[in-house]
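Undergrad: Take a look at this one; I'll ask things after.
The values are calculated or read from the model by the stated rules, or taken from the named source; none is laboratory data. Keep in mind that this is a model prediction, so the values were computed, not measured. When we count neighbours, we look across all protein chains shown, and the Cβ atoms used for this are built from the backbone with ideal geometry, even at glycine. In case anyone asks, the SASA skips ligands and DNA or RNA and just uses the protein heavy atoms, side chains included. Shrake-Rupley method; radii C 1.70, N 1.55, O 1.52, S 1.80 Å.
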Amino acid sequence: MKAKANLFLTVIVVIAVTISIFNPIRLNIINAEEDVIKAEGKVEEKAEEDEGVMRLTLEEAVELGLKNSISLKQVENEINLSAVAKKRAHYLSDKLKDADETISEGWSKINSAENYIDSGIAPQDIQLPDGTVIPEGTNINELPLDSETKEQIINEIKQNIADQKENLLNGELTLIDSLQEAGSTLSDKLNFESLDSLSLDSTADLMEAMADISYEVTSASYGIYKNKIALLIQNSYYNVIKAEKLLEAKKKAMERAKKQFQFAKDGFEEGMKSKDEMLLADLYYKGAQIEYQKAEGELKNALIELKKDLNIPLDKEVVLEYVLADNIEEVSLEEGLKSGLKNRLEIKKALGEVAVYDLNFELTKRKYPPNTFQYKEASLLKEKARLNYEKTRLEVESSIRQSYETLKAAGEMLKTSKEMVDEAKENLEIAEFKYKEGFGVETTFLKKLDIESAAGTIVEVLAAEENLADVEEKVVNIMYGYNLAKMKYFNDIGKLIY
């Protein structure tokens, strides 16, 4: 009798929210027919444009990914298995209790029958070969029968009682074996080395409790895993958006480098600029092209990863709606701690362990005195579960506080970064003007780079160009980092976004 009770299954509770906004098409009553024809034409035109292309918002991507998620289906399967284990545990518990009750009643009847027959009283109705029935409670010795027949009746009754005793003994042995096996199974699951077996009622109660708590933890894990899968999809979505924005930044840098190269080339051909300036500009332009090509490859890989998480064909063309938010969201650490210490799966699992080991100790001490190994081990396991809960609670609180500080820092960086691009653009414009006019005056920017002698040259322009490209890329990374930090914080506090 092996009742599966996957007590400490990790898993992880969320609410999936999909917001769709429908803008009703308002038709002019007078020109209704004409408007309908136009609307249908636009729909057909859009269908042709979108044929073979999947356009997704963040919410649509999450919804699609959750629908197609194999991992979520695996969690659902575990929940169903846990539900079966719970029903089996209750069924076996009832069977144990019923068997024990049946055996107890059987021994009571046999003892009563033996007392009756020892006094020569019929313990039950007895039918003789000729069809005559001797009623229960009849004194056999007073029957008008010969002594041989009376003795034969008494011997047959005693043999019947002996057969019933053997059956009950076999039933008791089977029940003891079942309890031993159940106790062994529970000991393995509880890491209880010295538990031989508890009483029947205690074994049954522990089986039910373990199965019930296992099911509760497993069921709670569905929502948590659903949220984690949704956040994974969201992360992949963000990665694509980030790769697209970086590609845009690389393209701008490449276009600016091309412009600078063309200007240097024209200046060289007209005899106004040196050849080394043209070659340097050309080298920078080629480097910008290489960076652009590298960014193209990174975008394609990010798209493949997203398609894998959505479980859609990897050759499907996907277009995403831009979602990287640059607004700073205020969050409460106090509320976050309260939420995380209640909803995190690690907390639910640790509390489940505490409940089971508390019950195990209460049941063990009913059978084993304090000086036994069983009692001492059950007590230590109870303490171990509580210590594990305290450790888990500390780790969860620590992770929440760290996520909060990371989010705050990322928010401050995002605020500061908003002014960086404008300043870098202005610096580039100044460098371009100086280069075109041959105005070789040192600037703070050149001193910072330790190239004061390059004032008014193509070197200054390219340095300013590279600085702008770096700043644009940095801003994208900061924005991406802030969105990820926010997503991780919500996950760490157990906020069920989906």
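Undergrad: Calculate what fraction, in whole %, of the accessible area of segment 201-335 sits on carbon and sulfur atoms when a 1.4 Å probe is rolled over the protein chains.
TA: Roughly 51 percent, rounded to a whole number.
Undergrad: Moving on to the next point. Report the number of Lys pairs in segment 237-277 whose alpha-carbons are under 23 Å apart, with separation of 8 or more residues or on distinct chains.
TA: Within segment 237-277, the lysine pair count is 17.
Undergrad: Using the alpha carbon gyration tensor of segment 324-419, what are the three equivalent-ellipsoid semi-axes (square root of 5 times each eigenvalue), largest first, in whole Å?
TA: Over the Cα atoms of segment 324-419, the semi-axes work out to 46, 11, 7 Å.
Undergrad: Right, here's the next one. Suppose all protein chains stay in the model; what accessible area per residue would a 1.4 Å probe give for segment 238-304, in Å²?
TA: With the other protein chains kept in place, segment 238-304 gives 58 Å² per residue.
Undergrad: Whole number in Å², please: accessible area per residue of segment 344-393, 1.4 Å probe, ligands, DNA and RNA not counted.
TA: 56
Undergrad: Using alpha-carbon positions, what is the distance between the centroids of segment 143-169 and segment 294-346, in Å?
TA: Value for the Cα centre distance between the two parts: 82 Å.
Undergrad: When Rg is the radius of gyration of the Cα atoms in segment 213-275 and Rh is its Kirkwood radius, what does Rg/Rh come to?
TA: 1.63
Undergrad: What does the extension gain come out to for E60 and N167, with contour length at 0.36 nm per residue minus their alpha carbon separation?
TA: Numbers: separation 107, 0.36 × 107 = 38.52 nm, distance 6.60 nm.
Stretched fully, the E60-N167 segment lengthens by 31.9 nm.
Undergrad: Scan segment 352-442 for GluC sites (Glu not before Pro) in coil per DSSP, keeping those whose Cβ has at most 15 other Cβ atoms within 10 Å, and list them by number.
TA: Filter output for segment 352-442: E419, E442.
Undergrad: Within the accessible area of segment 62-176, what % is carbon and sulfur when the probe is 1.4 Å and the other protein chains stay in place?
TA: After summing per-atom areas, the C and S share lands at 48 percent.
Undergrad: On full extension of the chain, what length is gained from F433 through Q262, given 0.36 nm per residue of separation minus the C-alpha to C-alpha distance?
TA: Gain on extension, F433 to Q262, equals 60.0 nm.
Undergrad: If you don't mind, there's one more thing I want to ask. If r is the Cβ-Cβ distance from L314 to D422 and R0 is 51 Å, what FRET efficiency results, to the nearest 0.05?
TA: Numbers: r = 40 Å, r/R0 = 0.78.
Between L314 and D422 the formula returns 0.80.
Undergrad: Moving on to the next point. Set the Förster distance to 35 Å, then compute FRET efficiency between L81 and S379 from the Cβ-Cβ distance, nearest 0.05.
TA: E(calc), rounded to 0.05, equals 0.65.
Undergrad: On to the next question. Kindly identify segment 248-367 as rounded, prolate or oblate by the Cα gyration tensor criterion: order the square roots of the eigenvalues as a ≥ b ≥ c, call it rounded if a/c is under 1.5, otherwise compare a/b with b/c, prolate if a/b is larger, else oblate.
TA: prolate
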